[in-house]
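Q: Mind having a look at this structure? Questions to follow.
The values are calculated or read from the model by the stated rules, or taken from the named source; none is laboratory data. Here the structure is a predicted model, which is why all the values come from computation and not from measurement. With ideal geometry, Cβ positions are generated from the backbone for all residues, glycine too; neighbour counts draw on all protein chains shown. To get the accessible areas, we keep the full protein, side chains included, count just its heavy atoms, and leave off ligands, DNA and RNA. Shrake-Rupley method; radii C 1.70, N 1.55, O 1.52, S 1.80 Å.
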There are 2 protein chains.
Amino acid sequence: MSKCEQCIVRQFNSLKALTKDELVRISSCKTSRIVKKGEVLFEEGEHINGVFCVKDGICKVSKMSDNGRDQIVHLIKKGDLLGERSLINDEVSNLKAIAVNDMQVCFIPKEEIVRDLEKNPKFTMDILKNMASSLKNADNVIVDMAQKTVKQRLAATLLYLDDKFEKDTDGAIDVSLSREDIANIIGTATESAIRLLSEFKKKGLINLKGKQVFILDTQKLKDISTGF
Amino acid sequence: MSKCEQCIVRQFNSLKALTKDELVRISSCKTSRIVKKGEVLFEEGEHINGVFCVKDGICKVSKMSDNGRDQIVHLIKKGDLLGERSLINDEVSNLKAIAVNDMQVCFIPKEEIVRDLEKNPKFTMDILKNMASSLKNADNVIVDMAQKTVKQRLAATLLYLDDKFEKDTDGAIDVSLSREDIANIIGTATESAIRLLSEFKKKGLINLKGKQVFILDTQKLKDISTGF
DNA sequence: TTAAAAATATGATATTTATCAGCTTTTAGC
DNA sequence: GCTAAAAGCTGATAAATATCATATTTTTAA
């Protein structure tokens, strides 16, 4: 099994704040796992009992709303940690995580993370900073959800995806979301998302080939998303 | 000036994790302030440079959306801290805070809080736990904003207010929000909020006397908010 | 390879919500 | 107490969005 202290991925998350010794210890008790596209990492209400470090792949993190529709609240990619919040609160997960494509993840048991939280203030502080940043971001999403139209939210989401993910060899955003996934990010009916995507395509703002999405006019999308 | 180590209010927030000595030190450098109804505690983009501890009163924390409407993302009351996030991120505030009624707040300069964060792991951990809890809550709000109708959100908001705030001597929720404020919490037009409030009143779910809101049928409101 | 299932697409319609206009009531300042 | 301004209210209408229906395309699995 690969060693955490040699893993590049940890540079992208709070594990970078751990010392060599701590990494060696974590490395020895972590487990690695392949998660196939569509497989569930964890369910709402499940005790996660640890933290996932994503070595490769993408997953969607969602919550079922009262009306029975899934709302995607995060997209997690290579280098991201997953599950810190439930761990810190000592609660079952509020959210469900499903792989969007094949993933490679490492799982670090709770006790190991807790030990580092207690012993390494730098690590704790880094987690805290990340959480503060996530919280700021969440506030912004709340404002967008509350105040923007579906069209504005779609434009904003396309820009977000364009910014967050790499391009594939064709130049499309390298995350293969279904139309339903996209609708579940912006919080609308699948048909509405499809309709607006077609409209954007017709206007030359994007191009669509199956699940591939190509951003053609960033500025115009920005204008739409800000209501200009 | 009153002393932090004798202040009951700190029991309700992370300051409870500080030692007596730390409290005495904080007490000696904090400033107290009366903030009148309608006054601004801080603006979007302002360097807060510290943390507010609310001794009394309520304030609304909002963000201006691109389309020019204010979205209220938090209501802060007696015992709450305000401004930790900007402090931890070392960023200007993302949000604006305005007093809903007359407030009494203490202001603790940034350096003092940072010193405690560095020296007192219990304090840091308590802040971290609070932040994790806020983040979970924010995710839930995102789902509600994205998936619930305005009517569902109004019902949920009324229940939230009923839960969070005390009752006044008449039995109304003890926070005096304008119709516009309520609309800015649920993210809708003021007229829509007014219309739905009237509808709820007509149906006997609530009663309204000026800004006073009386919850009459909690169960029915719960049913509405969950789409039952 | 092919049939069945799932995803995508589009039109028609219903529902929800925003906007605009005008009116009444309440509040704040003199 | 009076007056202007703000807040609250209601109706009419327009715009946004959801829902339902159905057709087409793509994917999956036997």
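Q: Name the residues of region A:81-101 whose accessible area, probed at 1.4 Å, falls by at least 20 Å² once all protein chains are in place instead of their chain on its own?
A: Flagged in region A:81-101: A:Arg85, A:Ile88, A:Asn89, A:Glu91, A:Asn94.
Q: Here's something else I'd like to know. Excluding B:Ser32 itself, what net charge comes from residues whose Cβ is under 13 Å from its Cβ, given Lys and Arg +1 and Asp and Glu -1? List each step's numbers first, then the result.
A: On the way: positive: B:Lys3, B:Lys30, B:Arg33, B:Lys55; negative: B:Asp56.
Its environment carries a net charge of +3.
Q: Classify the protein assembly as shown from the C-alpha gyration tensor, please: rounded if a/c falls under 1.5, else prolate or oblate depending on whether a/b exceeds b/c.
A: Because a/c hits 1.5 or more and a/b fails to exceed b/c, the protein assembly as shown counts as oblate.
Q: Please calculate the 1.4 Å probe accessible area of B:Ile113, with all protein chains present, and give it to the nearest 10 Å².
A: Here the residue's solvent-accessible area equals roughly 10 Å².
Q: May I pose another question? Taking a probe of 1.4 angstrom, what is the accessible area of A:Met131 in Å², to the nearest 10?
A: The accessible area comes out at roughly 10 Å².
Q: Per-residue mean of other chain beta-carbon atoms within 10 angstrom of the beta-carbon, peptide A:171-178?
A: 0
Q: Here is a follow-up. How many Å² of accessible area per residue for chain A, probe 1.4 Å? Could you put the intermediate results ahead of the total?
A: Values: 10640 Å² over 228 residues.
With all protein chains present, chain A gives 47 Å² per residue.
Q: Taking chain B as a Gaussian network, Cα atoms linked when under 10 Å apart, which of B:Gly68, B:Gly50, B:Gly187 shows the biggest mean-square fluctuation?
A: Between B:Gly68, B:Gly50, B:Gly187, it is B:Gly68 that shows the largest mean-square fluctuation.
Q: Now for a different question. For the interface of chains A and B, what total accessible area is buried with a 1.4 Å probe, rounded to the nearest 100 Å²? Write down the numbers at each step before the final one.
A: Numbers: alone 12590 and 12580 Å², together 21280 Å².
In total, this chain pair buries about 3900 Å².
Q: Report the calculated FRET efficiency for B:Thr19 and B:Asp217 (r = Cβ-Cβ distance, R0 = 41 Å), to the nearest 0.05. Kindly include the intermediate steps, with their values, before the conclusion.
A: Details: r = 47 Å, r/R0 = 1.15.
My answer for the efficiency is 0.30.
Q: I want to check the label-to-label distance for A:Arg179 and A:Leu208. Put each point 7 Å from Cα in the C-beta direction and report it in nm to one decimal.
A: About 0.6 nm, to one decimal.
Q: Name the shape class, rounded, prolate or oblate, that the alpha-carbon gyration tensor gives for region A:26-147, where a ≥ b ≥ c are the square roots of its eigenvalues, rounded holds for a/c under 1.5, and otherwise prolate holds if a/b is larger than b/c and oblate otherwise.
A: Details: a/c = 1.76, a/b = 1.21, b/c = 1.45.
Judged from the Cα gyration tensor, region A:26-147 comes out oblate (a/c at least 1.5, b/c at or above a/b).
Q: Just tell me how shielded A:69-77 is by partners: mean number of partner chain Cβ atoms within 10 Å of each residue's Cβ, no decimals.
A: On the way: counts 3, 2, 8, 3, 6, 2, 0, 0, 0.
Taking all residues of A:69-77 together, the mean is 3.
Q: Something else now. Have a look at A:Asp162, A:Asp66, A:Asp80 and tell me which one the Gaussian network model of chain A (Cα, springs below 10 Å) gives the largest fluctuation.
A: Sorting by GNM fluctuation, first place goes to A:Asp66.
Q: Averaged across A:220-227, how many Cβ atoms of other chains sit within 10 Å of each residue's Cβ atom?
A: 1
Q: Using a probe of 1.4 angstrom, how much of the accessible area of region B:70-206 is carbon and sulfur, in percent?
A: 46
Q: Leaving ligands and nucleic acids out of the surface, order B:Arg33, A:Arg179 by accessible area at 1.4 Å, largest first. Before the final figure, lay out each step's value.
A: On the way: B:Arg33 95, A:Arg179 60 Å².
Largest to smallest exposure gives the sequence B:Arg33, A:Arg179.
Q: Still on this model: Once the label point is placed 7 Å from Cα along Cβ, list for B:Gly227 the distances to the corresponding points in the other copies, in nm, shortest first.
A: Result, one decimal in nm: 2.6.
Q: How many angstrom separate the Cα center of region A:101-137 from the Cα center of region B:1-77?
A: Between the Cα centres of region A:101-137 and region B:1-77 lies a distance of 27 Å.
Q: In addition: Measure nothing fancy, just the Cα-based angle from helix A:20-29's long axis to the longest principal axis of chain A, in degrees from 0 to 90, nearest 10.
A: The helix A:20-29 is inclined about 80 degrees to chain A.
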